[in-house]
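Visitor: Would you mind keeping the following structure in view while I ask a few things?
The values are calculated or read from the model by the stated rules, or taken from the named source; none is laboratory data. Since this is a predicted model, take the numbers as computed values, not measurements. All Cβ positions, glycine included, derive from the backbone under ideal geometry; neighbour counts span all protein chains shown. Surface accessibility is based on the protein's heavy atoms, side chains included, excluding ligands, DNA and RNA. Shrake-Rupley method; radii C 1.70, N 1.55, O 1.52, S 1.80 Å.
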Amino acid sequence: GFTRFWMTMGEAVSLVCHAAEHGAPGTVLIPALPAVRVEDVAEAIAPKQAREMIGVRGIEKLHEVLFSDDEAPMIGRSVNAETGQEVFVFGQSFKGSERQGYSSERAPKFSVNEIRRRLPQAMGEAEL
């Protein structure tokens, strides 16, 4: 099934602040985001409701990709000291250590219960 990355507005703001404070010119910081299965989000929002799978439409992707296998050798890792979140670092002159790309298919997934626990925060932030 479909997978997508999960990031709250607060996590996005924290990443931007971390990049502004610690990022070097010519580098890109990519958060090591957790992912969710779309069907798990549906189950968390509307448990036991009937759902119909309609498949992939047009150019829609099954999984999101933050960086590809080809880009992986140029990617290293760092940690956001404020949040403890792992961050991938990409730079033209940077020799990386990653061996494969990072996609929502490969990322750690939240369980249905974890999604339920995080939904109020995500929904509250969306209304700001």
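Visitor: Sort out which residues of the stretch 31-44 are open to solvent by 60 Å² or more (accessible area, probe 1.4 Å) and assigned to a helix (DSSP H, G or I), and write them in order of number. Give the steps one after another, and end with the answer.
Guide: Residues of the stretch 31-44 that are open to solvent by 60 Å² or more (accessible area, probe 1.4 Å), as a first pass: 37-39.
Within the stretch 31-44, Val38, Glu39 qualify.
Visitor: Look at Thr27 and say whether it is buried (at least 16 other Cβ atoms within 10 Å of the Cβ) and more than 15 Å from the chain's Cα centre (by Cα). Steps first, please.
Guide: Details: buried (at least 16 other Cβ atoms within 10 Å of the Cβ): yes; more than 15 Å from the chain's Cα centre (by Cα): yes.
So Thr27 passes the test.
Visitor: Follow-up. Within the stretch 12-30, is even one residue among the hydroxyl-bearing types (Ser, Thr, Tyr), assigned to a helix (DSSP H, G or I) and under 21 Å from Leu119 (Cα atoms)?
Guide: Yes, some residue in the stretch 12-30 is among the hydroxyl-bearing types (Ser, Thr, Tyr), assigned to a helix (DSSP H, G or I) and under 21 Å from Leu119 (Cα atoms).
Visitor: Here's something else I'd like to know. Please give the number of the condition Ala20 fails out of (1) among the aliphatic types (A, V, I, L, M); (2) more than 23 Å from Met123 (Cα to Cα); (3) in contact (Cβ under 8 Å) with a residue 24 or more places away in the chain.
Guide: Here Ala20 clears every test but (3).
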